[in-house]
Amino acid sequence: MDLIFHEKQEGQLCAKHCLNALLQGPYFTEFDLATIAKTIDDEERLKMAEGGENRAEYREFIEGPSFNMDDSGYFSIQVIANALKVWSLELIPFKSQNAIAEIARKDPTSQKCYICNYRDHWLTIRKIGNQWFNLNSLLSGPELISDTYLALFLAQLQEEGYSIFIINGELPACKSDQVLSTMRVEQTEKPHAIVEYGDRSSTEAVKGDSFTGEGDEESCIARAIAASLESELEDEQKQLQAAIAMSLESQ
């Protein structure tokens, strides 16, 4: 497990932790993400100004807080999307009608990695070598997820309110992937959850992040069936897609 890059939760910088876990290295700092967020803010400000700088809507926009970052370390979906574009990677909503998403819903193991968001928390689920790992920064270390239970884990996250995105594109080469392609990891003990996570509802975030198929199997399957009955496109997903599209249009 020491080979796998994993950042433990620092403040509320889960977006940074999520991206670095995905890329398997310390590629982004909070300052890098803040720079991306500021660029997006500036582009949104210019777009708003096109309608006239004397409008009440424009004044309210420029006087209000950034929608892309805040002092706590929160970063928006637009920031995540733009950071991934540096590596020619794109976000595809799991519930979208995109052909890749349709394949992923039928067989989640057909993809390489997912990032998930609930409220302000981001986490990564990635295949390293021939095995899947939960790289949630709220855990003290990587957590092994079997192929059999990956679909149930994703279903559980959806039921608990997480939005899931497929990462499409070629990930940078990493040592952990190379080494674990020739060997398998055995995990005898689950990593502990990090509960010191500010004053946000960390217990809610942790609740769905430590499942590997053990425990109350019938309950997990029931939750997975319930999640599978949800509509393919929810309002939240549509809003996130629109946000990503707006970000891409401003480039």
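The numbers here are math on the coordinates, done by the rules we state, and not lab data. Please read all numbers here as calculations on a predicted model, not as lab measurements. FYI the Cβ positions are ideal-geometry reconstructions off the backbone, even for glycines, and counts take in every protein chain you see.
Please order Met183, Met48 by the number of other Cβ within 10 Å, starting at the fewest.
If I rank by nearby Cβ atoms, fewest first, I get Met183, Met48.
Going down the table (Lys8/Lys95; Lys8/Lys190; Lys16/Lys85; Lys95/Lys190), which pairs top 25 Å between alpha carbons?
Lys8/Lys95; Lys95/Lys190, as the Cα separations exceed 25 Å there.
What is the packing order of peptides 10-23, 29-42, 75-88, taking the mean over residues of other C-beta atoms within 10 Å and listing the highest first?
Peptide ranking by packing, descending: 10-23, 75-88, 29-42.
Please list, in order along region 140-152, the HN-Hα scalar couplings obtained from phi with the Karplus expression 6.51 cos²θ - 1.76 cosθ + 1.60 (θ = phi - 60°), rounded to whole Hz, x for Gly and Pro.
6, x, x, 10, 6, 10, 6, 4, 4, 9, 4, 4, 5
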